[in-house]
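Read the structure below first, then the notes.
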Amino acid sequence: VSLRVGRGERVALLGESGSGKSTLLNLLAGLESPDAGTVRVLGHEMSALDADGRARVRREHIGFVFQAFHLLAHLSAVQNVAVPLLLAGERADIAQQRAAQRLASVGLGERLHALPRELSGGEQQRVALVRALVHEPELVLADEPTGNLDPSSAQRALEEIASTVDRCGAALVLVTHSEQAARIAQRRVRLLRHTLEEEPAAAPAAVARSTQP
């Protein structure tokens with residue numbers, strides 16, 4: 001299997017359950033190691049780095065939106081979103097301010113201090129999305145980022161993803177079963193047994209809306 005994603009490119013990765021889509025994301029993130037071959041991310045050969053090196057690449061350059069939210073249960077929404085900024089050395093007050101602004105942009109301005117258990121599934125997913133994007137990473141890895149959202153909230157989340165990756169010049173690898181989500185991609189790649197196949201991409205309507213002033 002060979003996949004190349006350029007800087008600023010949005011790629012939707014599709015495939016049946018169990019085809020290895022999430023495993024491929026984990027390889028890109030350095031969370032798993034390949035049995036053979038190499039994984040190169042932003043100039044770093046992930047399998048050649050030690051655990052600290054892989055963690056540094058993730059912390060400084062990659063944003064994640066997981067299918068499971070992985071929010072820290074003892075932190076509020078705004079504190080969860082501030083974590084990547086704090087890890088990057090941002091002052092606590094500035095990190096909190098930036099986190100609050102980004103949460104407000106996805107309709108969570110009144111839920112800043114709610115703990116994860118006090119949020120609905122859709123609200124938790126929006127917090128996870130904002131956390132992935134708040135430090136403007138160079139690569140965003142998204143695993144079914146709108147899976148628990150209603151259509152309207154999903155559209156808003158997709159536009160947030162599209163506008164942020166465009167503004168940052170970031171690359172996006174999006175694992176999804178949703179045709180709505182796949183529409184923000186410039187390329188569609190289907191993972192089959194032992195191979196990847198390129199598919200025609202639909203017109204990225206969500207991106208067009210997200211980039212208008």
Within the under-15-Å Cβ sphere about LEU85, not counting LEU85, Lys/Arg +1 and Asp/Glu -1 give a net charge of +2
Taking GluC sites (Glu not before Pro) that fall in a DSSP loop and have at most 13 other Cβ atoms within 10 Å as cut points, what is the longest piece of the chain between them?
-> 111-213
In Å, what Rg and Dmax follow from the Cα atoms of the range 1-89?
-> 14.7, 41
Which one of THR38, LEU158, VAL57 has its Cα pushed farthest toward the positive end of the charge dipole of the range 10-210, where Lys and Arg give +1 and Asp and Glu give -1 at the Cβ?
-> LEU158
DSSP beta bridge pairing in the range 10-210, given as percent antiparallel to the nearest 5 = 30 percent
Loop sites in the range 78-129: trypsin sites (Lys or Arg not before Pro), DSSP, at most 14 other Cβ within 10 Å | ARG91
Test item: Cα-centred dipole of the range 10-210, Lys/Arg +1 and Asp/Glu -1 on Cβ, debye = 260 debye
Restricting to Cα pairs under 8 Å and 6 or more apart, the percent relative contact order of the range 61-146 works out to 54 percent
For THR23 and ARG7 in the same chain, what is the full-extension length gain: residue separation times 0.36 nm, less their Cα-Cα distance, in nm?
-> 3.6 nm
Pop out the Kirkwood hydrodynamic radius of the chain from its pairwise C-alpha distances, inverse of mean 1/r, in Å to one decimal.
-> 17.5 Å
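None of the figures in this text is laboratory data; all of them are computed from the coordinates on show. The structure presented is a predicted model; accordingly, all values stated were derived computationally and were not measured. We place every Cβ from the backbone using ideal geometry, glycine too, and count neighbours over all the protein chains shown.
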